[in-house]
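Enquirer: This structure is in structure tokens; I'll ask about it shortly.
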Amino acid sequence: MGNKVITFTDEQLDDYQDCTFFTRKEILTIFKRYRELDPKIVPQVMTGDEAHTFALPMDRFEKMAELKENPFRTRICKVFSHDNSGNMTFDDFLDMLSVFSESAPRDVKVYYAFKIYDYDEDRFITGKDIEQTCTALTKGELSPEEIAVVREKVLEETDNDRDDRISFAEFQHVIARAPDFLSTFHVRI
């Protein structure tokens, strides 16, 4: 018999399957990927409470091939980290990849997309959030005047109740008209 290392208990894997859109095999592949980010810190055996008691620093995730070119990489890390620091436990990392998986339903993806764009976390996408989104997308290459034009156009097209902010319902309405949303809001592992 070989020296097979048990990474998670069967109960843990069952729980992860119940809470994500992944199979056991995919969960173990994701753990391998997580561990590769810093094998000196991440233990090989996670049968205790290790998966949610320590976190890797945000810079490890921002350098991943799947995120390093994404203009929202820092915001994504902060949204999915349990304490909004951007540092992620394995549980946080698994949740993030589950939401970005091709198997995640549209409504889950829309919910997290809204959270990513809601920089100030006030449950609305305001003009300030739109400005930050625009700056991230254009890598800061637009003038303040150009950003103001974009902000006003986005609010004009999206803010149906004219309260100068985009509610989740208004955001859902816009995303419903975006046929490529599902194909762009994912990460392959």
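The values are calculated or read from the model by the stated rules, or taken from the named source; none is laboratory data. As the structure is a computational prediction, the values presented were derived from the model and not from experiment. Cβ atoms come from the backbone with ideal geometry, glycine included; neighbour counts cover every protein chain shown. For accessibility, only protein heavy atoms count, side chains too; no ligands or nucleic acids. Shrake-Rupley method; radii C 1.70, N 1.55, O 1.52, S 1.80 Å.
Enquirer: Return the only residue of D107, D83, D49, D95 being in contact with a Phe, Trp or Tyr (Cβ under 7 Å, 6 or more places away or on another chain) and closer than 27 Å to Q17 by Cα.
Expert: D95
For every residue, the table says whether it meets (1) farther than 18 Å from Y117 by Cβ; (2) within 11 Å of the chain's Cα centre (by Cα); (3) among the hydrophobic types (A, V, I, L, M, F, W, C).
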site: E50; (1), (2), (3): yes, no, no
site: F54; (1), (2), (3): yes, no, yes
site: T74; (1), (2), (3): no, yes, no
site: K78; (1), (2), (3): no, yes, no
site: N87; (1), (2), (3): yes, no, no
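Enquirer: Since D122 meets every condition but one in (1) touching a strand residue (DSSP E or B) at 6+ places or on another chain (Cβ under 9 Å); (2) of a type in the set (D, E, K, R); (3) open to solvent by less than 10 Å² (accessible area, probe 1.4 Å), which condition does it not meet?
Expert: Tallying (1) touching a strand residue (DSSP E or B) at 6+ places or on another chain (Cβ under 9 Å); (2) of a type in the set (D, E, K, R); (3) open to solvent by less than 10 Å² (accessible area, probe 1.4 Å), D122 fails exactly one: (3).
Enquirer: Could you list all residues from segment 162-189 that are outside any loop (DSSP other than H, G, I, E, B) and without any contact (Cβ under 8 Å) to a residue 12 or more places away in the chain?
Expert: A169, A176, S183, T184
Enquirer: Now for a different question. In the list V99, V45, V79, V108, which residue meets the criterion of being under 29 Å from T9 (Cβ atoms), at pLDDT below 95, open to solvent by less than 70 Å² (accessible area, probe 1.4 Å) and not acidic (D, E)?
Expert: One residue alone meets the criteria, V45.
Enquirer: Where residues in segment 132-151 are touching a residue at least 24 places away in the same chain (Cβ under 8 Å) and either open to solvent by 30 Å² or more (accessible area, probe 1.4 Å) or not in a helix (DSSP H, G or I) (or both), which of them is farthest from Q172 (Cα to Cα)?
Expert: K139
Enquirer: Right, something else. Hey, can you tell me all the residues within segment 161-189 that are hydrophobic (A, V, I, L, M, F, W, C), within 17 Å of the chain's Cα centre (by Cα) and more than 17 Å from I116 (Cα to Cα)?
Expert: Of everything in segment 161-189, just one residue is hydrophobic (A, V, I, L, M, F, W, C), within 17 Å of the chain's Cα centre (by Cα) and more than 17 Å from I116 (Cα to Cα), namely I189.
Enquirer: Would you be able to say whether some residue in segment 66-74 is polar (S, T, N, Q), closer than 27 Å to Q172 by Cβ and part of a helix (DSSP H, G or I)?
Expert: Within segment 66-74, one or more residues are polar (S, T, N, Q), closer than 27 Å to Q172 by Cβ and part of a helix (DSSP H, G or I).
Enquirer: Just to be sure I understand, how many residues within segment 75-112 are among the hydrophobic types (A, V, I, L, M, F, W, C), more than 26 Å from E170 (Cβ to Cβ) and out of contact with any strand residue (DSSP E or B) (no Cβ under 7 Å at 6 or more places or on another chain)?
Expert: 4
Enquirer: Which one of these is farther than 17 Å from I189 by Cα and assigned to a helix (DSSP H, G or I): K78, K40, K25, K32?
Expert: K78
Enquirer: Now a separate question. Out of D118, D159, D129, report the one residue that is more than 22 Å from N70 (Cα to Cα) and without any contact (Cβ under 8 Å) to a residue 40 or more places away in the chain.
Expert: Unique residue meeting the criteria: D159.
Enquirer: Quick test of your reading of the structure: D92 fulfils all but one of (1) more than 22 Å from A176 (Cα to Cα); (2) among the acidic types (D, E); (3) open to solvent by 30 Å² or more (accessible area, probe 1.4 Å). Name the failing condition by number.
Expert: (3)
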